[in-house]
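Read through the structure below, which is laid out as structure tokens, and then see the notes.
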Amino acid sequence: MDKLEGRIIFAADAEGQILYSAEPIGFFGHVDLHTGQILERKHPLYGQTIKDKILVFPRAKGSTVGSYTIYGLKKNGAGPAGMILSRCETIIAVGAIIAEIACVDRVDITRLAQGGYARISGGKITFETTNIH
């Protein structure tokens with residue numbers, strides 16, 4: 001298992017399959033609140049679900065209502081198990097905190113780009129990668 005360390009945004013333990021995007025993610029209007037499916041047609045993750053995944057992406061985009069969307073995803077059982085970012089801004093930080101989703105930033109996410117499995121605990125990330133996204 002490889003290891004990374006980042007800044008804790010919300011301290012919680014999480015593990016799951018990595019869902020990686022090199023592109024920012026907009027939550028409000030771009031993620032289905034009931035399924036966790038990415039709805040933004042031009043996004044590389046279009047049609048995939050974030051439910052129970054370790055969502056790895058550089059940063060958020062869009063409205064601050066995205067924070068409430070993350071909370072709604074969690075309440076509906078469709079949210080990610082955890083989030084790992086290059087740079088976490090207010091949209092994601094507030095969403096992770098109110099939804100109580102493990103969240104870490106200041107991470108070289110390109111090390112996670114190959115997919116696989118990750119575990120977040122106390123700001124530390126352990127992961128195994130594969131050659132398949």
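Set side by side, the residues I98, I91 differ, and just one is of a type outside the set (F, W, Y), surrounded by 16 or more Cβ atoms within 10 Å (Cβ to Cβ) and either part of a helix (DSSP H, G or I) or at pLDDT 95 or above (or both), which is I91. Going through (1) of a type outside the set (A, V, I, L, M); (2) over 21 Å from L112 (Cα atoms); (3) more than 14 Å from the chain's Cα centre (by Cα) one by one, R7 falls short only on (2).
Within the stretch 1-17, residues that are basic (K, R) sit with their Cβ atoms under 6 Å from residues that are assigned to a loop (DSSP other than H, G, I, E, B) and at pLDDT 95 or above, at 6+ positions apart or across chains, in these pairs: R7/R106. A single member of T126, T64 is surrounded by fewer than 16 Cβ atoms within 10 Å (Cβ to Cβ), of a type in the set (S, T, Y) and without any contact (Cβ under 8 Å) to a residue 40 or more places away in the chain, and it is T64.
Restricting attention to the stretch 19-30 and to residues that are aromatic (F, W, Y) and not in a strand (DSSP E or B), the residue that is surrounded by the most Cβ atoms within 10 Å (Cβ to Cβ) turns out to be F27. Number of residues in the stretch 8-23 that are touching an Asp or Glu at 6+ places or on another chain (Cβ under 8 Å), of a type in the set (A, V, I, L, M, F, W, C) and under 15 Å from T49 (Cα atoms): the value is 0. Filter the stretch 67-88 for residues that are within 13 Å of the chain's Cα centre (by Cα) and over 17 Å from G29 (Cα atoms); which is surrounded by the fewest Cβ atoms within 10 Å (Cβ to Cβ)? Once the filter is applied, the top-ranked residue is R87. Could you list, in sequence order, the residues of the stretch 101-123 that are surrounded by fewer than 21 Cβ atoms within 10 Å (Cβ to Cβ) and either part of a strand (DSSP E or B) or hydroxyl-bearing (S, T, Y) (or both)? Once the filter is applied, which keeps residues that are surrounded by fewer than 21 Cβ atoms within 10 Å (Cβ to Cβ) and either part of a strand (DSSP E or B) or hydroxyl-bearing (S, T, Y) (or both), the stretch 101-123 yields T110, Y117, R119, S121.
Only one of the numbered conditions (1) within 20 Å of V94 (Cα to Cα); (2) surrounded by fewer than 21 Cβ atoms within 10 Å (Cβ to Cβ); (3) out of contact with any Pro (no Cβ under 7 Å at 6 or more places or on another chain) is not met by G16, and that is (1).
With respect to the conditions (1) of a type outside the set (F, W, Y); (2) in contact with a His (Cβ under 7 Å, 6 or more places away or on another chain); (3) closer than 19 Å to G29 by Cα, I91 falls short on a single one, namely (2). Within the stretch 36-58, take every residue that is touching an Asp or Glu at 6+ places or on another chain (Cβ under 9 Å) and not in a loop (DSSP other than H, G, I, E, B) and give me the one that is surrounded by the fewest Cβ atoms within 10 Å (Cβ to Cβ). Only one residue fits best here, namely T49.
The values are calculated or read from the model by the stated rules, or taken from the named source; none is laboratory data. Please read all numbers here as calculations on a predicted model, not as lab measurements. We place every Cβ from the backbone using ideal geometry, glycine too, and count neighbours over all the protein chains shown.
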